[in-house]
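Chemist: Shown below is the structure under consideration.
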Amino acid sequence: MVVDRKSKQRDLAQALDDLRQWQGASAILPDDAVAPLLQAQRLSFEDFNALHPGIDPAWVVALWLVRSLRDNLSLDPALIPRVDKLQHWLLAFIAREQGSALWSEPNWCEALDRLLFHWQTWYPHLGRAGEKFLARTEQLLDSLAVQAPPVALVAVQDFNRRCDRDLERAAQLAGRIRDSELGQQKVQQAQRQVDESVSQWVAGSRLPDPVLRYVREQMGPALAYYLINDQHREWQQWGELLQSLCAVFAPNKTSEQLALLRRSAQALEARLSATKPPPGCDNLGYHEFINDAISAIENLLDGGLVDAHIAPPMSRPKGVARLRSHRRDDQAHQLRCGDWVIFSSSQQGELRCQYLLQSPVSDELIFINRQGHKVCQQSVGKYLDARDLGHAAPVADIKIYSTALNQAVARLQYCYAEQSAQRQLRLALEARERESQRRIKAERERTMAARRQADKAARQKAMAEEMARLQALKLAREKAEQEAQHALQQQRLQAALERVDTLREGAWAEILRPDGGRERCSLGMIMPSTQKYLFFDKYQRKVGEWRREALAQLLLDECIEFFEAEPGFDSRLEQIVFGQRRGEIAAP
């Protein structure tokens with residue numbers, strides 16, 4: 001990836017050098033001309049050259065980059081003045097480093113991508129941490145304004161390291177929230193399993209009243225401790241003891257069963273006496289339970305009657321019920337751990353938070369801010385409604401600066417190819433014109449020599465023929481020029497078709513709407529049978545569909561632009577949270 005970026009940097013610098021030589025343009029753009037160009041609805045290479053002839057072409061690339069950067073950003077309004085400062089610094093930086101294209105160097109791209117990512121996750125209601133973030137931002141912008149590029153790069157990287165450490169701490173806190181949610185789920189599962197298992201072992205059996213009462217009121221909740229802490233041996237031991245107790249007090253025993261009971265009763269009593277009470281059971285009540293069970297067994301062996309009752313099924317434990325109260329709760333929310341979402345409301349403003357997980361207890365979506373604090377929890381249906389209404393907007397997972405740079409470089413490459421083709425055509429026409437003039441001159445000299453030797457009538461006839469020949473040459477030259485123009489148009493159309501053929505599903509595009517605005521979308525489907533290309537916005541709604549030739553014509557008319565969106569950062573939150581979980585599972 002670094003090698004590819006270095007190659008792109010060299011190609012960009014070479015293209016700018018060629019354009020400077022072809023146009024003889026190397027002047028600096030006046031300061032008062034920057035704002036109108038940034039605010040213009042449309043800025044093409046031809047418009048820029050018409051408005052400011054002789055200006056270095058690096059400026060138009062800088063303006064394209066800043067305009068795309070502004071369109072890709074989704075920031076809190078409080079950061080807009082800081083973005084303006086960064087934009088002016090970028091313009092000056094690109095103009096100053098126009099020869100080396102340092103601003104497209106991989107280290108700078110990575111640093112600025114990370115900086116803008118942190119800016120996108122900030123919002124005013126972060127308390128003291130948010131105030132510290134703003135103070136760091138102001139300090140960084142002040143240092144960028146006065147420092148040389150190497151020192152400025154170190155300043156940006158230092159700012160990013162501090163912010164990354166904040167996200168590391170936030171990820172640790174989020175991991176605790178996730179562990180708490182999973183712990184609640186484990187407790188409920190353990191209680192449910194205890195309830196089902198005890199009902200399976202005891203329900204329908206005859207047990208002495210004190211024994212049955214203790215099992216239902218004390219033993220059931222206490223046995224959940226073994227399941228929560230994965231003490232399966234103790235859980236299995238108590239399951240066997242309770243089933244043995246139920247078998248002892250089963251009615252209508254045969255003589256063989258009574259004989260087996262007399263042989264095994266002493267061992268069962270010893271096991272009961274030696275078994276430690278489950279955690280949560282008080283020793284006094286547990287020993288009374290053991291004594292009651294042993295007394296009932298001995299009374300049964302002596303032929304006495306035992307006051308026993310049939311055990312009913314255990315009732316299910318009360319817990320947080322998973323209520324599907326919204327009609328859309330069963331739909332897929334399409335969020336991944338670490339995705340950033342912007343919630344907005346007229347009362348509280350914007351809330352920028354990160355999706356953590358869907359609660360296994362309540363099925364609600366849990367969101368945290370960049371400090372790792374839980375700031376929002378809502379059902380899937382409410383989130384989907386808010387997203388459809390525009391009150392919840394997922395943040396695009398792209399590298400903002402690199403994507404803007406890709407857009408600007410793509411436009412420059414297209415303009416460079418067109419300027420190169422026009423230059424080649426102009427040179428070819430000039431060479432053809434020189435050759436034509438040479439032939440005309442030679443023919444004229446021959447004609448003059450023949451005219452001097454001919455009589456008056458011959459000279460008049462020769463003059464008429466010469467005029468006809470010159471007219472024919474003129475028509476031939478005009479025809480050649482028209483053919484050359486047609487060849488150029490076909491070349492541009494073929495280039496546009498080849499550009500369309502290179503598109504793949506997932507490619508990004510900006511489409512010029514009839515109202516003059518631009519809409520970003522991605523290529524969602526290519527239909528080879530009909531040569532149709534279907535474009536969708538970030539909510540997977542179809543923006544439009546065009547055939548191959550129509551799409552190429554839109555590209556020629558500059559009504560659509562294609563560019564590559566750099567992939568987003570790996571979610572550090574997801575790495576830490578799920579990395580811890582994998583470590584716990586792998587532990588023996």
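Chemist: When the Karplus curve 6.51 cos²θ - 1.76 cosθ + 1.60 is applied with θ = phi - 60°, which whole-Hz ³J(HN,Hα) does each residue of region 354-364 get, with x for Gly and Pro?
Modeler: My calculation for region 354-364 gives 10, 6, 9, 6, 9, 4, x, 8, 10, 6, 7 Hz in order.
Chemist: Which angle from 0 to 90°, rounded to the nearest 10, does the C-alpha axis of helix 106-120 make with the longest principal axis of the chain?
Modeler: Roughly 60 degrees, rounded to the nearest 10.
Chemist: While we're on this one: Any idea of residue 373's accessible area? Nearest 10 Å², probe 1.4 Å.
Modeler: 90 Å²
Chemist: Between the alpha-carbon centers of region 455-520 and region 227-263, tell me the distance in whole angstrom.
Modeler: 98 Å
Chemist: Quick one: angle between helix 255-274 and the longest Cα principal axis of the chain, in degrees between 0 and 90, rounded to 10, please.
Modeler: 70 degrees
Chemist: Can you spot the aspartates and glutamates whose alpha carbon is less than 15 Å from residue 374's alpha carbon? Ignore those fewer than 8 places along the same chain.
Modeler: List returned: 179, 181, 339, 364.
Chemist: Roughly speaking, to the nearest percent, how much of the chain's 1.4 Å accessible area is carbon and sulfur?
Modeler: Values: 16380 of 31990 Å².
The computed percentage sits at 51.
Chemist: Not counting ligands, DNA or RNA, and with a 1.4 Å probe, what is residue 441's accessible surface area in Å² rounded to the nearest 10?
Modeler: Its accessible surface works out to 130 Å², give or take rounding.
Chemist: Would you compute, from DSSP H runs of 4+ residues alone, the mean residue ellipticity of the chain at 222 nm, taking -39500 (n - 2.57) per run and dividing by the full residue count, rounded to the nearest 500?
Modeler: -21000 deg cm²/dmol
Chemist: Determine ³J(HN,Hα), in whole Hz, for all residues of region 80-85 in sequence, where each value follows from phi through the Karplus function 6.51 cos²θ - 1.76 cosθ + 1.60 and θ = phi - 60°; x replaces Gly and Pro.
Modeler: Once θ is set to phi - 60°, the couplings for region 80-85 become 4, x, 5, 5, 4, 4 Hz.
Chemist: Let me ask something else. Out of (1) 84, 28, 19; (2) 34, 34, 25; (3) 129, 37, 16, which label holds the value of semi-axes √(5λ) of the Cα gyration tensor in Å that was computed here?
Modeler: (1)
Chemist: In Å², and per residue, what accessible area does the chain have when probed at 1.4 Å with the other protein chains present?
Modeler: Details: 31990 Å² over 588 residues.
Here the per-residue accessible area is 54 Å².
The values are calculated or read from the model by the stated rules, or taken from the named source; none is laboratory data. On a predicted model such as this, the values are computed, not experimentally measured, just so you know. Side chains are part of the model used for accessible areas, which takes the heavy atoms of the whole protein and leaves out ligands, DNA and RNA. Shrake-Rupley method; radii C 1.70, N 1.55, O 1.52, S 1.80 Å.
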